[in-house]
Structure formats: C-alpha cells, structure tokens
1. What residue, among those in segment B:48-82 that are among the hydrophobic types (A, V, I, L, M, F, W, C) and farther than 20 Å from A:VAL8 by Cα, is farthest from ligand 2 (Cβ to nearest atom)?
2. Are any residues in segment A:26-42 closer than 19 Å to A:THR199 by Cα and either touching a strand residue (DSSP E or B) at 6+ places or on another chain (Cβ under 7 Å) or part of a helix (DSSP H, G or I) (or both), and if so, which ones?
3. Which residue out of B:ALA154, B:ALA177 is touching a helix residue (DSSP H, G or I) at 6+ places or on another chain (Cβ under 6 Å) and not assigned by the TED database to the domain that holds B:GLY428?
4. Looking only at segment B:82-100, which residues are more than 9 Å from every other protein chain (Cβ to nearest Cβ) and within 16 Å of ligand 4 (Cβ to nearest atom)?
5. Count, please, the residues in segment B:188-218 that happen to be crowded, with 17+ Cβ neighbours inside 10 Å and either among the basic types (Lys, Arg) or under 19 Å from B:ALA259 (Cβ atoms) (or both).
6. Here are the criteria: (1) crowded, with 23+ Cβ neighbours inside 10 Å; (2) in contact with a His (Cβ under 8 Å, 6 or more places away or on another chain); (3) among the small types (Gly, Ala, Ser). Tell me which single one A:ALA207 does not satisfy.
7. Which condition breaks for B:ILE426 when tested against (1) in a loop (DSSP other than H, G, I, E, B); (2) modelled with pLDDT under 90?
Amino acid sequence: MKTYLCLVCHEPLKQPPGWLNVFQSRPPLLCTGCRDLLEPAAGERCSICGHPDVIKRCSDCAVREKRNRFPPVVHRSLYTYNPFMKDLISQFKYRGDAELSLIFADDLFKLARREFPGFHTAVPIPLHPTRLWERGFNQASLLGQKFPAEELLIRDGLSTKQSKSSGKDRRDNAEGAFMLKHPADWSEKHILLIDDIYTTGSTIEAAALPFWEAGALRVSAVTAARALKKAPL
Amino acid sequence: MEKNEYRRKDVMSRIQYRRLLASEIFYDGEEREHLPLLEKMTAEGLLYKEPAIREEKGILQCARCGSGKPFLGEVSNCSRCGKKCLYCRACLMMGRAASCGFLYSSAVSPVQHPGLETGNLGWDGKLSAGQRQAAEKLVQCFRSGKSWEFLLWAVCGAGKTEMLFPLISEALKKGNAVMLCTPRRDVVQELEPRLKEAFPKAETAGFYGGKSPESRFCYADVAVATTHQLLRFYKAYTLIIIDEVDAFPYTMDKKLQFAAGQAAADKCMTVYVTATPSRMQQRRAASGSLESAVVSRRFHGKDLPVPRLVWAGNWKKQIENARLPKALRLFLKEAGERQVLLFVPEVSWLNPVQEALNKWQGNLRTATVHSQEEERSERVKMFREGSLDVLITTTILERGITIENVQAAVLGAENAVFTETALIQIAGRAGRSSRYPTGMVSFFHYGSTREMKRAVRTIIQLNRWNS
Ligand SMILES: [Zn+2]
Ligand SMILES: [Zn+2]
Ligand SMILES: [Zn+2]
Ligand SMILES: [Zn+2]
C-alpha cells in the first residue's frame with residue numbers, strides 16, 4: 001500500500017483500515033495531530049471583520065465605519081493565527097512552500113460560497129513585483145486556486161505617491177496602493193478579495209478602494225488566517 | 001566597480017568548500033541584482049553552475065539533497081520562469097532549490113586552508129591501549145592518501161572523540177580541512193567546543209540550523225555539521241568523519257551518508273564511527289573490503305553488560321489489567337535503590353505501564369517520556385538528579401541520558417522497533433561510568449526474536465575481543 005505523508009510534519013499518515021472509501025476520493029493532507037492544531041475561526045464574532053469573541057461589532061470596525069468614505073469590507077477567515085498557523089504561514093510564504101496552499105484552497109472556496117454567496121469575481125491581493133520575484137509565487141493567488149479568480153489588481157510599491165486619496169485614507173496605505181490593471185466599471189458588482197492573513201485590515205481596505213471607486217456594490221474578503229488583537233473589543 | 005570587487009571576494013569566500021543557491025550566497029538580499037555577477041564569474045571560470053532540480057534517467061530529483069517525487073512541490077506558474085516549476089520541500093529550510101534556480105560551486109581551489117600550526121594538539125590526556133591502536137591505524141590509512149572508507153567500531157563509552165584526535169591533527173598538518181558530521185544538533189554543540197579545546201590553533205565551527213548567516217557561511221579548519229548543514233558542503237573534504245555513536249535513534253542515516261558523499265573530495269577518507277555497525281558493514285569489515293578498527297573495551301576497561309532475555313508472557317494483557325509481569329517485578333526488586341530506564345515499544349504503552357508500576361508499589365517515583373512530550377527535558381533532568389526511580393520511555397530518547405549506575409529494561413522486546421542496533425544502544429546505557437562499570441540489562445519478551453539474540457551475541461563477541 002502507498003504511504004501518504006502529512007504535508008506539514010512529513011510523518012506517514014496512520015489511518016484506520018478502509019479509510020479511503022467512496023466518500024473520500026483522496027487521502028487527507030494532514031495527520032490528525034497537525035489537523036488538531038488548526039483552530040477554526042468560528043463562533044461569535046464581529047459582523048464586519050470577523051474578529052472572534054465579539055458581539056455585533058468590534059471597536060476598530062466602529063471607528064473605521066465613521067471614518068471611511070465607503071462601506072466596510074466584510075471579512076471571514078478559516079483559522080485563527082495561533083502559533084501553529086504562524087509557522088505554517090511563514091513556511092508557506094517566506095520559505096516558499098507553495099504546496100501548503102492545498103491545506104486551505106478548498107475550504108477557502110467553501111467559506112466564500114457560504115458567507116458571500118453570489119460574489120461576481122474573486123481577486124487575489126497582489127504582491128509588489130520585487131516580492132513576487134523573490135517568492136516565486138503570490139501566496140494569495142495560490143490560496144485562490146479553487147476559485148474562478150482573476151488577477152485584476154496591481155500593487156504600487158511607492159506608498160508615498162498617494163496624492164489622490166484623502167488624508168484619512170492615506171494612513172491605510174502603508175501597505176502600498178492598489179490599482180486596477182484595466183479601468184472598468186464595477187457598478188452593482190460584488191467583489192471578493194483573497195489574502196493569506198488578516199491583521200489590521202489595512203491591506204484589504206486598500207485593495208478594496210479601486211473597486212469602490214469604480215462603483216462596486218459590495219467588497220468582501222476571505223483569508224486563511226485571522227490575527228487576534230491583543231486587547232480585543 | 002569597487003563594490004563589485006568586494007562582492008567577488010565575498011562570493012569566493014562563501015562558496016569555498018560549498019555549493020550554494022544564489023539566495024544563500026547573497027543571504028543579505030539583493031539576490032536578483034547580483035545574478036549577473038554570478039553569470040560573469042561562471043563565464044570567467046571561477047564558478048560552476050548546475051540546475052538545482054535535475055532529471056536523471058527520467059527521474060526528477062533535487063540536486064542538493066537527492067530527494068525525489070513525494071518531496072518535490074510544484075508551482076504551476078512560477079513568477080521567476082513563468083513555467084511549471086518544481087521545488088524541493090525536503091531541504092527547503094536551507095533555501096529554496098527550484099527548477100529554474102541553480103547551485104553554484106567553486107571551480108578553483110579554496111581561498112583558505114588550515115595553517116601549519118592548526119594541527120597542534122592541545123590535549124594531553126592518555127589513550128588506552130585499545131584507543132591507541134585504533135588511532136594509529138586511522139592515521140596510517142590517511143597517510144596512504146588513497147580513497148578509504150573506514151569503520152571505527154567503538155562501543156558506547158569507549159572514548160571515541162579522543163581516538164580521533166591524532167587523525168584530525170594529521171589532516172590539519174597536511175593542510176586539509178576536516179569535516180565531522182552527526183545527525184544530531186546537540187551532538188554538534190557538544191563536540192565543537194571539545195575540538196576547539198583540543199586544537200587551540202585551529203578555527204573550529206559548528207554548523208546547525210538557526211545560526212546567523214555570517215556564521216552559517218564562515219570558514220573552518222575543523223567543521224562540525226548536522227546532516228542538513230552538511231548538504232551545503234560540496235566536493236571539498238579529504239577527511240570526513242561520520243559520528244553515529246550517540247546518534248541513536250538515527251543510526252545508518254541514509255541522508256547523512258548521501259550528504260557526506262557530496263561533501264567528499266574525489267580522494268577522501270570517510271570514517272564511520274559507530275557503536276552498532278550494520279550487518280553489511282560488519283561483513284565488509286570481516287572480508288577486508290572495509291578498513292576497520294574495533295574498540296570493544298569501554299574506557300574504564302570493564303565488560304559491556306550482557307542483556308538477559310526474559311520471558312514475560314502476555315505482558316500486554318497483564319499491563320491492560322494494571323499488573324506488572326512477574327519477571328519485571330523481580331528485576332525491579334533486584335535493582336533495589338538503583339534507577340531504572342524502562343523502554344516500551346509504543347507511546348500508547350507509557351501510561352498503562354506507569355499505572356501498573358504505581359499500583360504495584362505506590363511509593364515508586366515514576367515518569368514517562370517520548371519524543372513529543374513537552375515536559376521531556378524537565379523529566380529527564382529530574383531522572384538525572386535522582387528524584388525519579390523509574391523513567392518509562394519509547395526508543396526515542398535523549399542521548400544525554402548517560403546516567404551513572406542506571407539499569408535498563410525493555411518491555412515487549414519482541415516488537416519490531418527493537419532492532420539489534422536499538423537493543424545494543426539500550427544495553428549501552430547501563431554501566432557507562434567507571435564508578436559503576438556494571439549494570440543490569442534485561443529484555444522482557446513474549447517470544448524472543450532474532451534481533452534480540454543477535455544483540456546478545458554481538459555484545460558477547462565484543463567482550464571476548466581484547467580480553
Ligand atoms: Zn502532521
Ligand atoms: Zn470588527
Ligand atoms: Zn532538496
Ligand atoms: Zn521557476
């Protein structure tokens with residue numbers, strides 16, 4: 001019998017006999033030990049950014065809503081950014097272990113369809129060209145491999161060149177500014193952004209901006225990992 | 001221009017003795033902007049370059065670590081080459097070897113060599129007769145200048161490091177840098193300072209994961225490296241010593257031997273230091289196709305404890321009923337005040353065995369350890385300090401478990417994890433110090449195996465030699 005290795009710890013998968021049946025067309029990617037270390041970001045959470053253990057709306061989202069010209073980007077994550085997830089993401093993105101995207105790709109698509117049914121297009125958050133060359137791939141694009149995703153954005157590395165955006169928006173642009181690759185009318189459309197990790201939400205907000213400006217009706221986002229605020233609420 | 005000259009020097013100093021990815025040579029970033037420099041140096045004949053993932057006879061493999069299919073990951077649209085691109089997951093922690101990347105090595109001789117005085121020995125201890133014989137044979141072999149493979153069969157506690165000093169000294173005096181490698185990082189960390197002390201005029205360095213980049217690519221007259229770090233060295237050494245004495249449970253590590261083969265110069269003496277040579281090595285040594293020396297005496301000169309094979313009946317059933325097999329109870333009584341290391345075949349037996357022990361004698365201080373145990377080092381420390389009577393463990397155990405006057409027992413010795421090698425290593429835990437040179441070792445079983453009998457036979461044979 002062929003032995004399968006856990007994608008993370010490389011240990012052979014131990015399975016009860018007959019585990020590969022009609023319901024499971026392929027072996028699991030992770031051993032149960034590694035699988036158990038993933039913490040689903042489920043339960044009570046902020047209705048906007050998805051921060052766990054928040055009733056209705058977190059303080060950050062409340063502030064952001066008052067400040068921004070556009071509606072908030074509603075966001076959901078698969079897992080919390082715990083120490084295991086931290087190692088996983090850094091192995092994936094900084095060491096360049098592209099295969100690890102498989103752990104999240106299917107579930108991310110399912111999450112998007114469940115939480116944001118009817119989105120018109122999925123857009124991975126792009127990298128700066130230099131970063132992209134260094135890494136060999138864009139982690140967000142790999143996470144979006146199961147989506148009918150489109151690379152509609154380009155990322156501008158020069159975060160100071162933000163003459164067009166207002167002062168309030170500018171501070172959100174430390175992550176760099178995003179532009180549409182091709183000018184287009186997105187009115188009445190629902191855009192779904194894909195990224196690896198949600199920390200403060202500033203990247204997602206910056207990437208949503210060109211879509212809002214092109215008339216989008218809704219912008220939502222899904223990520224693999226959700227960083228938790230030190231002092232939540 | 002000036003900056004480039006400086007860069008060239010850097011490249012040549014980092015790449016000597018090694019084969020590296022561009023991202024390793026320029027670990028401080030700026031890999032992309034320096035690729036033209038590497039191209040130029042290759043064209044000038046200073047460097048060789050080869051694809052990092054190669055195809056040999058239709059089989060794709062990593063050129064650095066030799067890993068094949070299940071370990072090759074794939075990116076369907078690589079942002080460097082724009083194509084389907086493979087990368088090696090097995091050696092990823094050393095930098096990403098990808099289809100569109102290259103490994104660079106030096107095409108000229110190394111910039112640095114050991115100086116004349118580096119071989120001066122700062123160690124003034126004395127070798128035992130057995131050690132001296134082995135040491136002399138090693139030196140002679142090296143002097144002959146041929147390609148040698150040498151088996152140094154040294155029992156646990158024979159004092160193998162000291163035995164190697166004359167050989168290392170000889171190599172250094174001839175201007176040859178020396179590589180010692182071992183699968184375990186803690187062994188590297190322990191060996192390096194001892195070598196530093198023995199060769200005060202030489203530059204020594206330990207290479208293991210997690211060191212700063214500057215020290216990762218530095219030069220050393222005497223290098224000590226883990227398996228992974230050894231993968232960075234290429235066709236450079238005329239003397240490589242593979243230390244597997246305390247490598248347990250990583251004996252006969254294929255990866256380590258692959259890496260050592262890569263690091264060897266065309267003419268190289270490779271010394272395997274082991275307490276448990278494979279059957280193959282033993283056969284080759286006996287037939288003379290592998291040069292060898294056996295040091296069957298421990299440094300203190302006493303016999304290795306010979307394990308007893310003891311029938312324990314259906315021990316699984318007894319343990320499940322929280323009862324200790326009678327034979328094991330007798331062993332523990334005989335051990336009396338002395339501490340006992342109790343090996344079990346699988347993690348799942350740790351707790352049931354502990355329960356049975358506690359039920360038998362409530363005042364017995366016991367603990368369990370296995371590889372994933374978070375409190376492992378804490379518990380081993382407690383055992384070492386004598387605040388535990390019995391430590392129950394799986395075969396994966398800290399090598400640091402050299403404890404004075406410890407007795408060893410295996411429950412379920414018929415299990416396949418207890419190979420001859422593993423059993424000899426376990427027996428070697430007992431009676432290591434000269435204060436307590438003897439010890440009890442028992443293998444409790446439910447049907448003896450060939451491996452158990454071989455382990456006993458080998459130990460008896462080792463005791464007979466030199467006596
Ligand atoms: Zn695993
Ligand atoms: Zn929120
Ligand atoms: Zn490799
Ligand atoms: Zn490529």
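The values are calculated or read from the model by the stated rules, or taken from the named source; none is laboratory data. Only a predicted model underlies this, so the values are computations on that prediction, with no experimental measurement involved. In this analysis, Cβ positions are derived from the backbone assuming ideal geometry, glycine residues included, and neighbour counts consider all displayed protein chains.
1. Within segment B:48-82, the first condition is being among the hydrophobic types (A, V, I, L, M, F, W, C), and the residues that meet it are B:52-53, B:59-60, B:62-63, B:65, B:71-72, B:75, B:78, B:81.
Adding the requirement that they be farther than 20 Å from A:VAL8 by Cα leaves B:52-53, B:59-60, B:63, B:78, B:81.
Details: B:ALA52: 44, B:ILE53: 44, B:ILE59: 51, B:LEU60: 47, B:ALA63: 49, B:CYS78: 37, B:CYS81: 41 Å.
The residue in question is B:ILE59.
2. A:LEU38, A:GLU39, A:PRO40, A:ALA41
3. Working: B:ALA177 fails: touching a helix residue (DSSP H, G or I) at 6+ places or on another chain (Cβ under 6 Å).
None of the others qualify; the one that does is B:ALA154.
4. Within segment B:82-100, the first condition is being more than 9 Å from every other protein chain (Cβ to nearest Cβ), and the residues that meet it are B:82-84, B:86, B:88, B:91, B:94, B:97, B:99.
Listed by number, the residues that qualify are B:GLY82, B:LYS83, B:LYS84, B:LEU86, B:CYS88, B:ALA97, B:SER99.
5. Initially, segment B:188-218 is screened for residues crowded, with 17+ Cβ neighbours inside 10 Å, giving B:188, B:190-192, B:195-196, B:198-199, B:202-208, B:216-217.
If we keep only those that are either among the basic types (Lys, Arg) or under 19 Å from B:ALA259 (Cβ atoms) (or both) too, we end up with B:188, B:191-192, B:196, B:205-208, B:216-217.
The qualifying residues number 10.
6. Against the list (1) crowded, with 23+ Cβ neighbours inside 10 Å; (2) in contact with a His (Cβ under 8 Å, 6 or more places away or on another chain); (3) among the small types (Gly, Ala, Ser), A:ALA207 comes up short only on (2).
7. For B:ILE426, the exception is condition (1).
The rows are residues; the columns are (1) without any contact (Cβ under 8 Å) to a residue 24 or more places away in the chain; (2) within 14 Å of another protein chain (Cβ to nearest Cβ).
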site: A:VAL74; (1), (2): no, no
site: A:ASN82; (1), (2): no, no
site: A:PHE104; (1), (2): no, no
site: A:GLY118; (1), (2): no, no
site: A:HIS128; (1), (2): no, yes
site: A:ARG131; (1), (2): yes, yes
site: A:PHE137; (1), (2): no, yes
site: A:LYS146; (1), (2): no, yes
